[in-house]
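Shown next, in structure tokens, is the structure this report addresses.
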Amino acid sequence: MTAGNPSISPAGRLRRVELRRYWRQLNAESRWGVVILALILVLSVSVPLLSPNDPYGFVDQPLQPPSAAFLFGTDHLGRDLLVRVFAAARLDIALAILGVSVPIVIGTFIGTLAGTTRNRIAETIWDGLVNALTAFPEIILVLGIVAMVGADIRGLLIAIWISRWAQYARIARAKSLALRDAEFVQAAQVLGYSQLRILVRHIMPNVFSEALAYALSDFIFIIVIIGGLSFLGLGVTPPTPEWGAMLAEGRLYLRTEPWLILFPGFFLSLTAIGVALLARGLERISKGEDE
Amino acid sequence: MTSSPGGIGARTLPLLRHPVLRRLAQAFFVAFLLMVFAFLLIRLIPGDPAMILLGDEATEEDVIAYRKLLGIDGSIPSQFGRYVSNLVRGDFGVSIRSREPVLSIVGKRLPVSLWLTVTTIVMTIGLALPLGVAAALYRRTWFGHAFQIGASVLVATPVFFSGLLLILLFAVQVNLAPIAGYHAGFPANLYYLWLPALTINFVLVPVLARILQSSIVETSAEEFVEAAIIRGTQGWRFYWRYLLRPSLAPTIAALGYFAATVVSYAVIIEIIFNLPGLGMTLVDAVRNRDYPLVQGIVFLSGLLVVGLTFMADLVNGWLDPRAQIR
């Protein structure tokens, strides 16, 4: 199942030989994904670091078209768009990773717990709960929670955490239903390990790989939600550089200065496309339908 | 979205052995839980909502009146009891801002959103069916590869970016659509709706066409397809009866599943294209901290999706008799 997803495992320090071996296992799609993501990560670290311009600071006349001095031009307040686009990359990617990481842990734990009980009534109620939570249109539920908790970064993250765990729970439950009678689980029971230990140490690691595969597509969705809510003015708010918020600002100059939306939109899409390619490539490797 | 076969329902109540009735019972149970979630939503507010809305200088009477308005006076169980009995009677509370009943606000704004949804789905079917079939039939040619790459790119492009690009292309460069806005009335409103609908379909069509493609590929390996070819079945009858119809079930199920996504994206689309629908109402309500209105719209949107999923299930049973046996 998990033959070839090295790049999403918490790799720690890999030796170069091992990296090369992993690279060889990848197919064209996932390689493109890795290249795109690596490029964006490198740029998002290096551009704000190397550029003399500050993402918040006024540098020149507002609304200048792209030029040699300002590769992406300047925005409506005369700030360097290049620096802002890549400063935004840092924030968006960091927020999306934060957004994915909490639901995956909570959801996998709850789902594994639900998958290992053998109580029919609990199962029925469980089904209803997950179906109900996933019935809410995602963005509407996030908006609803943000309305209550507060329209800022904190509120946005809380909303994502509350609304995104159910899918992981669903995946974990399906997988652990199959695992609860596996021999190694029975062995652990015979050894007298506690329920919690069996759950956390024996079943969850096996469930986690599938959850990680889903996390990649969830990452795309969450980065779109973060951008989307900020676009609506209900997440990250100006002057903080964030792709969605920048699109909302640039939208006012659509007719005359389209580069204000083209650059942030392009890199937001490129990030999502990179993750999508990686996810699809890995999925095909694990299914064994490789070229 | 199915429960484990033979959950408690099928055992205790023989009536629930009928698949349609069981689905219906499940749908009602889920709707009840939606109500619980919507009720809990307002309890996420940190602190006293009445104080947040009124500020520090509020008088005691004002606070009490606001608590009553928000349905947060009395004990939690009695609040919930009142909330449920009000909902069942069609009372969704009153907007804090305009003091208008939530249901009448929704009723006024719903037509725009419904028109957007209908236009989107008609367009989805019109685009996804031929694309999916073509991608399945020509999957080993350049078209199949281009389809795969194009689909990956389109799915990952956020609607608020592709929407702006489409406005740039069709409304600014070529004058085929308005930049934003809406006018009611049937044929005229399509002029305002086709571009927003196309934007949503930039995400929806690739997903559905891909699902259709892979299920057609699966179907074509079945024995009854081979048998039909051997019997000499040809033309439309072959494509519809033996290839397309048995392959449609997963696509329809996905359409039901993605109903939530369509409704989701419609919120952002309505803001981009300035369509005065429910999405715009919701965003305004979030900005104004109009808690009852937010709560009402969140609940109704969930209810809508449950209804659509249920309908998709029914259509599926009709399309693919194999699905009914289970």
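Both radii were evaluated on the Cα set of the protein assembly as shown; the Rg over Rh quotient, with Rh as the Kirkwood radius, amounts to 0.97.
Note on the stretch B:162-207: along the principal axes its Cα atoms extend 31, 23, 13 Å, ordered by decreasing extent. Take every Cα-Cα pair in the stretch B:80-228 and report what % of them are more than 17 Å apart. Of the Cα pairs, 72 percent sit more than 17 Å apart.
The alpha carbons of the stretch A:77-287 give a radius of gyration and a Dmax of 20.4, 72 Å, in that order. Here the Kirkwood formula puts the hydrodynamic radius of the stretch B:185-326 at 17.8 Å, using every distinct Cα pair. Comparing B:Phe238, B:Phe39, B:Phe28 in a Gaussian network model of chain B (Cα springs below 10 Å), the most mobile by mean-square fluctuation is B:Phe238. Counting Cβ atoms of other protein chains within 10 Å of each Cβ in B:296-302 and taking the mean gives 5. Each residue of the stretch A:152-162 is assigned a 3J(HN,Hα), and the resulting list reads 8, 4, 4, x, 4, 5, 4, 4, 5, 5, 5 Hz, derived from the Karplus form 6.51 cos²θ - 1.76 cosθ + 1.60 (θ = phi - 60°), x at Gly and Pro. For the stretch A:77-287, the relative contact order works out to 29 percent when only alpha carbon pairs closer than 8 Å and six or more residues apart are counted.
Put simply, the C-alpha atoms of chain B give a gyration tensor, and the ellipsoid matching it has half-axes of 42, 29, 15 Å, longest first.
Take A:Phe263, B:Phe170, A:Phe70 and order them by how many other Cβ atoms sit within 10 Å, fewest up front.
Numbers: A:Phe263 25, B:Phe170 17, A:Phe70 21.
Lowest count first: B:Phe170, A:Phe70, A:Phe263.
Can you quote the Å³ per residue value for the convex hull of the Cα atoms in the stretch A:171-253, rounded to an integer? Walk me through the numbers before you get to the answer.
Numbers: hull volume 9.5 nm³, N = 83.
Convex hull volume per residue, Cα atoms: 114 Å³.
Averaged over the residues of peptide A:144-154, the number of Cβ atoms from other protein chains lying within 10 Å of each residue's Cβ is 6.
Any read-out appearing in this document is the output of simple, stated calculations on the displayed coordinates, not a laboratory observation. Just so it is clear, the model here is predicted, and its values are computed rather than measured. As a convention, Cβ positions derive from the backbone with ideal geometry for all residues, glycine included, and neighbour counts pool all protein chains shown.
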